[in-house]
Amino acid sequence: MSYGGYDNYQTWNVYRRLADEEGPFWAEQAAILWDEAKADDTFSRSEAARFALAHALEEDRRIVGDIYGPVFSNVNWGKIAGAFLEGCKGYEPPTPRTKRRWYQGTLLPLLALTVIVAIPCGWLASSKVQKARQQVRQEREAVEAIEALGGYVVYGHQLDTDGKHIAPSNRPGRSWLRRFK
């Protein structure tokens with residue numbers, strides 16, 4: 001719902017009271033701030049004057065704002081400042097700028113990307129695990145063949161630094177993990 005061209009009732013009411021009670025003063029302030037306003041890289045002259053007047057209006061209301069805080073919380077001071085600046089010679093309302101937004105999308109493309117990346121990674125991990133199992137199987141078959149011919153096999157972890165046999169209980173790794181084959 002619009003109130004005399006303003007976004008909400010509070011803004012319309014504050015503007016109406018300011019225009020009725022302090023209109024000439026704020027019109028003069030608007031003219032002074034319009035003459036002092038300068039464009040820069042960020043703001044146009046109209047925007048700079050509007051921000052300066054909105055700040056002055058809000059600061060003036062802050063004195064009574066402690067008492068009537070909720071009344072002024074929804075007031076659009078920039079809209080009121082624009083209304084006072086419209087009376088200034090050469091003032092043109094600033095054109096609304098398009099707001100740059102970061103990419104906004106749904107989660108579906110992110111999920112699809114995750115699946116597309118996960119499938120090759122899973123396949124690669126699976127092939128490496130299969131190669132490792134095949135290598136262990138070949139090593140186990142070689143040990144069994146050597147033992148079947150009457151030989152014996154000594155692993156590196158069964159020797160100390162001098163090349164002597166050590167007790168089988170000192171095998172590397174966790175004991176609970178060695179139980180799984």
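The values are calculated or read from the model by the stated rules, or taken from the named source; none is laboratory data. The shown structure was predicted, so the numbers you read here are calculated from the model rather than taken from an experiment. Counting neighbours? That spans all protein chains shown, and the Cβs are built from the backbone with ideal geometry, glycine included.
Does Glu147 meet the test of being surrounded by 11 or more Cβ atoms within 10 Å (Cβ to Cβ) and at pLDDT 85 or above? Taking the combined requirement at face value, the residue satisfies it. Selection over region 34-65 of residues that are over 37 Å from the mean Cα position of the chain (by Cα) and in contact (Cβ under 8 Å) with a residue 40 or more places away in the chain gives a count of 1. Every test in (1) surrounded by 15 or more Cβ atoms within 10 Å (Cβ to Cβ); (2) part of a helix (DSSP H, G or I) is passed by Pro24 save one, and that test is (1). Test Tyr15 against the stated conditions and say whether it is hydroxyl-bearing (Ser, Thr, Tyr) and under 35 Å from the mean Cα position of the chain (by Cα). Here the answer is no, as Tyr15 does not meet what is asked.
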